[in-house]
Amino acid sequence: MYVCVCNAVTDCQIREAYCDGACSMRLLRQKLGVAGCCGRCAPCARDVLLQCRQESERLESPAPVTAVSVDAAEEAPALEPVAVAG
Ligand code: FES
């Protein structure tokens, strides 16, 4: 969808720009011209940037420990001492 009508910038172009390093409104304005004319697109463009940040943070965070892995550790058999003949 078009985010910035004045400069014909879509949300897809904003996402691509974010991947190329335009991670702030200032950098987005420099790269695509977003919010450089009337400025009405600024809130929507900011929302797209926030979504990009949240998606990249979610992808970078480690997987949470699941209940299955905790249960498996609790069910592991206890080690018994072994008598050594000698
Ligand atoms: S709609 Fe983006 S500057 Fe006008």
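Every number here is computed from the coordinates shown, using simple stated rules; none is lab data. Because the structure is a prediction, the values reported are computed rather than measured. Glycine gets a Cβ as well: all are built from the backbone with ideal geometry, and neighbour counts include every protein chain shown.
Judged by the mean number of other Cβ atoms found within 10 Å, the most tightly packed of the peptides 36-44, 1-9 leads the ranking 1-9, 36-44.
Relative contact order for the range 2-61: 35 percent, from Cα pairs under 8 Å spaced at least 6 residues apart, divided by residue count. Overall form of the range 2-61: prolate. Here a/c, set by the Cα gyration tensor axes a ≥ b ≥ c, is 1.5 or more, and a/b is the larger of a/b and b/c.
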